[in-house]
Amino acid sequence: MTYLFNDPAAFAADAVQGLALSHPDHVAVVHGGVVRATETPAGQPALVIGGGSGHYPAFAGWVGPGMGHGAPCGNVFASPSASQVYSVARNAENGGGVILGFGNYAGDVLHFGAAAEKLRAEGIDVRIIKVSDDIVSNTPENHRDRRGIAGDLPVFKIAGAAIEAGADLDEAERLAWKANDATRSFGVAFDGPTLPGAAGALFHVPEGQMGVGLGIHGEPGVRDEPIGTADEIATMLVEGVLAEQPERTEGGYQGRAAVLVNGLGTVKHEELFVVYAKVAELLETAGITPVRPEVGELVTSLDMAGLSLTLVFLDEELEQHWLAPVDTPALHRGAMTGAAERPRRTVFWEAGADEIPVASSESREVAGKVAGVLDLFAGVCAREEAELGRIDAIAGDGDHGQGMAYGSKGAAAAARQALEDGAGARTLLVRAGEAWSESAGGTSGALWGAALIAAGAVYDDQAGAEARTVVDAVDAGIDAIQRLGGAQVGDKTMVDAAAPFREELAKAFTGANAAEAILQAAEVAREAADATAEITATLGRARVLGEKSVGTPDPGAISFSILMRELGRHLS
């Protein structure tokens, strides 16, 4: 169990504060996490790596020269919010763009993606790397759709080393994906972790059994098997990972691998060394040479009793960066030439500190109209709150109406404040999107917030707008929803209404009347939203209800269609 805490809700923030105080030469606290204590060299890509707390040394323990430039830290086992990711990225970025790296989990994908939308809207080049090394979570041909576990460490280590060696954003992104595609992990659990202040573990494994295929957020294994000896467990893990060993090629993989034996929090070093002895023997038998193995607590899950094995099938390029020097609170190798001379940070970006960019009168006029639309949305969402909540109570978890009401109200208020401060259309939409996400929370809040931010990127603070601008902004917002949410038509989500709306809008708009095209597309969206009543949910909160969701339309699809209808009427 977790013994040492004050307020359980403040555990993550307290831990980050203590980490920074104990490693002042490495990290400094900012809103949402930590960044390097020294400045990012001008023009160097910033590697921002993060996720939920409870995984130390992932992710804040990997911030320093040769690895991460910053780490957003969410609550225990929870994704950092988009505003936390954005804050850390703004503090880390210094003209070279940003790579956002995280394990492939739905919440992280959504919130890191929403932060990326805002950064891009401000002109910052952002790339996203989703680590996906866990072999039990998907098939080999769908490797990039697996979840991330201990493979986070080698992927971020290799990407960070490449950046330290001078890689630009394109090259660092290429090497990060190359490392991810060469990494495989497999783990087992003997008992679940206990959250701070909780009375018991998130799960228990039956006595004499082990959970095979664990996750690092307290997920139990995919199946239970009788617990074996250390050698038997090592054999199972090695055989599982080597089943996906690539072919050896001239100039490519030639039988050399980075090896990690990772303790999840309770299994201690001596036990892990016993396992590694067998792992090393089995790898030698398979003709594989371990390269700079790591044995210890590398990516934990609070006090979970378990371990995992990770192999990175190296070629010469990956091996060079795996072996390169690094200096972070939790990972040290070699000497970082020149890193000690980098100036310490003296200035930090803080939320609300950015001045409103100067805007033309034409853009401020457009901003006033956009603010009027957001006022309309707030009124409509307040009117529909009870009905959307009723639908969601049947086909979801009951909070969609409230979330839409809170989000639209927050966005409208932020838009009015931005308007008073002289904002143009782009800045107003970006600030409104951030407020929607923060005010609503949850999946729909993040998606609608990202949609407004993406729409803002279409506008210009120095120019007016035409009918085409409105249509392009709506299209960009829907594109963000589809990219970030990852849903497809037929999954019973907002996308079931948004995708056909987008298609119809493209057909209906002839270059002159945006209102007519939006109204026509809104009719198609409502028909599609009503049709979701016949779909069994496969994504979102409603997926756990399965067949129980049949007969009730998806509330996100309904709310989308309502707002698009009202937008068309308003523009008319």
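Read-outs: derived from the displayed coordinates by stated rules, not from any lab. Only a predicted model underlies this, so the values are computations on that prediction, with no experimental measurement involved. Using ideal geometry, Cβ is built from the backbone for each residue, glycine included, and neighbour counts are taken over all protein chains shown.
Overview of values
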read-out	value
Rough spin-label spacing in nm, given labels placed 7 Å along Cα→Cβ, for E244 and W177	1.8
Principal semi-axes in Å for segment 367-449 [√(5λ), Cα gyration tensor, largest first]	25, 12, 7
Cα-based shape type of segment 423-548, given that a ≥ b ≥ c are square roots of the gyration tensor eigenvalues and the cut on a/c is 1.5	oblate
Mean-position separation - Cα centroids, segment 421-497 and segment 222-238, in angstrom	48
Residue-span extension gain [K268 to E387] - 0.36 nm each, minus C-alpha spacing	37.5 nm
Neighbour cut-off at most 16 other Cβ (10 Å), DSSP loop, GluC sites (Glu not before Pro), segment 340-435	E350, E355
Cα gyration tensor shape of segment 1-142, rounded if a/c is under 1.5, else prolate or oblate by comparing a/b with b/c	oblate
At R0 = 45 Å, FRET efficiency that the Cβ-Cβ distance of A42 and D421 yields, to 0.05	0.90
Order of D134, D327, D315 - criterion: other Cβ atoms within 10 Å of each residue's Cβ, fewest first	D315, D327, D134
Longest exposed-site-free window of the chain, the sites being trypsin sites (Lys or Arg not before Pro) in a DSSP loop that have at most 16 other C-beta atoms within 10 Å	1-247
Residues whose placed amide H lies under 5 Å from that of S53, excluding near-sequence neighbours	G74, N75, V76, F77, A78
Sorted by Cβ density within 10 Å, fewest first, the residues S185, S439	S439, S185
Sequence-separation-based contact order of the chain, relative, with Cα cut under 8 Å and 6+ spacing, percent	12
For the chain, radius of gyration divided by Kirkwood radius, i.e. Rg to Rh on alpha-carbons	0.99
Area projected by the alpha carbon convex hull of segment 361-571, averaged over all directions, nm²	9.7
Nearest-ten-degree value, helix 106-121 long axis tilted from longest Cα axis of the chain	60
Phi-based couplings in Hz for segment 552-559 (Karplus 6.51, -1.76, 1.60; Gly and Pro marked x)	10, x, 6, x, x, 5, 5, 5
Lysine pair number, Cα distance threshold 17 Å (strictly under), the chain, separation 8 or more or different chains	6
Residues I124, I391 arranged by fewest to most Cβ contacts within 10 Å	I124, I391
Cα point-scatterer Debye curve for segment 184-323, base-10 log of I(q)/I(0) at q = 0.12, 0.15 Å⁻¹	-0.48, -0.72
Segment R569-D7, length gained on full extension (0.36 nm per residue, minus Cα span)	197.4 nm
Cα-based helix-to-principal-axis angle, 467-485 vs the chain, degrees rounded to 10	30
Cα-based helix-to-principal-axis angle, 400-420 vs the chain, degrees rounded to 10	70
Inter-probe distance in nm under a simple model that places probes 7 Å from Cα toward Cβ, at V222 and N94	4.3
Diffusion constant of segment 108-220 at 25 °C, which comes from Stokes-Einstein with the Kirkwood Cα-pair radius and 0.890 mPa s, µm²/s	151
Whole-number D in µm² s⁻¹ for segment 454-514, Kirkwood Cα-pair radius fed into Stokes-Einstein, 4 °C, 1.567 mPa s	104
